[in-house]
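Heads up: the structure comes next, in structure tokens.
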Amino acid sequence: MIKKLYIAFILASSSLMSSCDSFLDIQPVGKVIPNTLEEYRALFATAYNVPLIDRSLCDMRTGDITIRKDEYDQNNYGDIEKWADINPGPETTTFEWSKYYTNIYYANAIIDKKDEITEGTQEDINQLVGEAYLMRGYMHFLLVNLYGEPYTKTGATETKAIPIKLNLDLEEVPSRSTVGEVYTAIISDIESARKLINKKEWDAGYNYRFSTLSVDALESRIYLYMGEWQKAYDAAERVLAQSPVLENFNNEDSKLPNQYQSIEMITAYETIYNSSIVKASQATESFVQQFDQSNDLRLSRYFGNVNSDGNYPIKKTDGYSQYRCSFRTGELYLNIAEAAAHLNNLSEARNRLLHLMENRYTSEGYEEKKNSINAMNQNNLIKEILNERARELAFEGHRWFDLRRTTRPSIQKVIDGQSYTLEENDARYTLRIPQAAIDANPGLLN
């Protein structure tokens, strides 16, 4: 029988117990030490269930989302929408910090004890340890894209970002590493995961776990963010060579691609939006108008009817666990298209983009898109691919990160008659480290 495993893995040495003032601000509450593979797998299931909603909050910072006119929602999310990061209201939802490091801690616990896990085959132990490496790399990736400068911004790789945490010492107070150093650590973890993960796919219901396809999917995303176009292309190609399927919205029985049972699903790990955020968030008229109003089949699948404020409820997710998505094939088609376009392989970029569009538009709309895209030069094609990313991957946690890694454009909003502006390359494209983390470790300001 599996022992009850609490919020953190506790080592035999009590010196590794955390205090409330520790760098990670993790307070372990259990005293059970896992031993068997089954127990470690149960421990890691807890990590897979830690909610990570920051990227849905970041969607509020784009021009795609506005907060509905409700007192609770305005108190909790209004200042996020307005980029009021320095002195937000007292009820403003805070961005996370410790949850990512909690998951890193789970991962480090398994990596540290990988040679002591009992009652499991070596293949299954390797799989779990490989998942831990990928989790650690992914958490550092999310953190550096929330709290570090965008990798592609001039000079960003030498700027301080976040601490890299590769051990179990909760009392250690590591200094912030540079953006470049964090990406180096992430790539190292991906390569370690590649050597160990051996499960190509999981049955629906277990596909929140990382697989061999997850390794390449994450690698493709990492290199896309770095502007390493050939490596991003190659990694995405390895995924699609094994799993090229897309949901066809022309078929009545097609599923939303971010639904965990979708044929597109590679890894159904994250629930990006919770129910509260879905309720508070409404798509803006300007964003909905970016979709072909007559021929884009995503319109009725992604959005509800326009409301009295001129905005649109979100239908693509309900904030519950059926809409769990970290990696899916639709993203990989877009990765290949963008990378190929930057490599000036325009034929390949067009083919991959159009294959996705064929599954999202009516036949008439697809023909129009095909004629338009086949006539585009390189610059216009890249712009169209990025616009298609905004449409296709809406409400899946990509939009803010895509804006950061590309043009960091100026965004203007008018809310209750008052104008707000995020300037081009605004410093607020990088989040401030939460005050609670700074209070626990003032060294994070350095």
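The values are calculated or read from the model by the stated rules, or taken from the named source; none is laboratory data. All figures in this text were calculated on a predicted structure; none of them were measured in a lab. Neighbour counts run over all protein chains shown; Cβ positions are idealised from the backbone, glycine included. Calculation scope for accessible area: heavy atoms of the full protein, side chains included, ligands and nucleic acids excluded. Shrake-Rupley method; radii C 1.70, N 1.55, O 1.52, S 1.80 Å.
At pLDDT 95 or above, surrounded by fewer than 20 Cβ atoms within 10 Å (Cβ to Cβ) and in a helix (DSSP H, G or I): does that describe Glu364? So Glu364 passes the test. Among the residues of segment 414-430, the ones that are under 13 Å from Glu81 (Cα atoms) and not polar (S, T, N, Q) come to 7 in all.
Only one entry in Ser254, Ser243, Ser262 is free of Cβ contacts under 8 Å to residues at least 24 places away in the same chain and assigned to a loop (DSSP other than H, G, I, E, B), namely Ser254.
Every residue in segment 414-446 that is in contact with a Ser or Thr (Cβ under 9 Å, 6 or more places away or on another chain), surrounded by fewer than 18 Cβ atoms within 10 Å (Cβ to Cβ), modelled with pLDDT of 95 or more and not polar (S, T, N, Q), please. Selection gives Ile415, Glu423, Glu424, Asp426.
Conditions (1) among the small types (Gly, Ala, Ser); (2) open to solvent by less than 40 Å² (accessible area, probe 1.4 Å); (3) in contact with a Ser or Thr (Cβ under 8 Å, 6 or more places away or on another chain), marked per residue:
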position: Ile80; (1), (2), (3): no, yes, yes
position: Ile86; (1), (2), (3): no, no, no
position: Thr92; (1), (2), (3): no, yes, no
position: Thr102; (1), (2), (3): no, yes, no
position: Ala107; (1), (2), (3): yes, yes, no
position: Ile110; (1), (2), (3): no, yes, no
position: Glu119; (1), (2), (3): no, no, yes
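Quick one: in segment 225-249, of everything that is among the acidic types (Asp, Glu) and within 19 Å of Ser211 (Cα to Cα), which residue is surrounded by the fewest Cβ atoms within 10 Å (Cβ to Cβ)? So the residue we want is Asp234.
Is it the case that Tyr208 is touching a residue at least 12 places away in the same chain (Cβ under 8 Å), out of contact with any Cys (no Cβ under 6 Å at 6 or more places or on another chain), among the aromatic types (Phe, Trp, Tyr) and closer than 20 Å to Ser262 by Cα?
Working: touching a residue at least 12 places away in the same chain (Cβ under 8 Å): yes; out of contact with any Cys (no Cβ under 6 Å at 6 or more places or on another chain): yes; among the aromatic types (Phe, Trp, Tyr): yes; closer than 20 Å to Ser262 by Cα: yes.
It is true that Tyr208 is touching a residue at least 12 places away in the same chain (Cβ under 8 Å), out of contact with any Cys (no Cβ under 6 Å at 6 or more places or on another chain), among the aromatic types (Phe, Trp, Tyr) and closer than 20 Å to Ser262 by Cα.
Kindly indicate whether any position in segment 143-163 is surrounded by 17 or more Cβ atoms within 10 Å (Cβ to Cβ) and more than 29 Å from Pro434 (Cα to Cα). No, because not a single residue in segment 143-163 is surrounded by 17 or more Cβ atoms within 10 Å (Cβ to Cβ) and more than 29 Å from Pro434 (Cα to Cα).
Residues of segment 386-429 that are in contact with a helix residue (DSSP H, G or I) (Cβ under 9 Å, 6 or more places away or on another chain) and assigned to a loop (DSSP other than H, G, I, E, B): Leu393, Ala394, Phe395, Glu396, Gly397, His398, Thr406, Thr407, Arg408, Pro409.
Go through segment 62-78 residue by residue and tally those that are within 25 Å of Val288 (Cβ to Cβ), polar (S, T, N, Q) and open to solvent by 10 Å² or more (accessible area, probe 1.4 Å). If you could, list the steps in order and put the result at the bottom.
Initially, segment 62-78 is screened for residues within 25 Å of Val288 (Cβ to Cβ), giving 62-70, 72-74, 76-78.
Now drop any that are not polar (S, T, N, Q), which leaves 62, 66, 74, 76.
Narrowing the set further to residues that are open to solvent by 10 Å² or more (accessible area, probe 1.4 Å) leaves 66, 74, 76.
Of the residues in that region, 3 qualify.
Checked against the criteria, Leu37 does not count as open to solvent by less than 40 Å² (accessible area, probe 1.4 Å) and at pLDDT below 95.
Scan segment 262-273 and tell me whether some residue there is over 24 Å from Thr66 (Cα atoms) and open to solvent by 20 Å² or more (accessible area, probe 1.4 Å).
Applying the first criterion (over 24 Å from Thr66 (Cα atoms)) to segment 262-273 yields 262-269.
Pick out the ones that are also open to solvent by 20 Å² or more (accessible area, probe 1.4 Å) and you get 263, 265.
Yes: one or more hits.
Taking the criterion of being more than 21 Å from the chain's Cα centre (by Cα) and of a type in the set (Gly, Ala, Ser), the residues of segment 233-257 that qualify are Ala241, Ser254.
Restricting attention to segment 165-224, the residues being among the β-branched types (Val, Ile, Thr), over 20 Å from the mean Cα position of the chain (by Cα) and surrounded by fewer than 21 Cβ atoms within 10 Å (Cβ to Cβ) number 2.
Regarding Ala193, is this residue modelled with pLDDT of 95 or more, more than 24 Å from Leu356 (Cβ to Cβ) and not polar (S, T, N, Q)? Walk me through how you get there before you give the answer.
Numbers: modelled with pLDDT of 95 or more: yes; more than 24 Å from Leu356 (Cβ to Cβ): yes; not polar (S, T, N, Q): yes.
The answer is yes for Ala193.
Under the condition of being open to solvent by 20 Å² or more (accessible area, probe 1.4 Å) and either more than 30 Å from Phe210 (Cα to Cα) or of a type in the set (Ser, Thr, Tyr) (or both), the residues counted in segment 42-61 number 1.
Residues that are of a type in the set (A, V, I, L, M, F, W, C) and modelled with pLDDT under 95 within segment 46-84 comprise Ala47, Val50, listed in sequence order.
Of all residue pairs spaced 6 or more apart or on separate chains, those with beta-carbon atoms under 8 Å, a first member in segment 86-106 that is within 15 Å of Leu431 (Cβ to Cβ) and a second member that is assigned to a loop (DSSP other than H, G, I, E, B) and among the β-branched types (Val, Ile, Thr) are Glu96/Ile53; Trp97/Ile433; Ser98/Ile26; Lys99/Val50.
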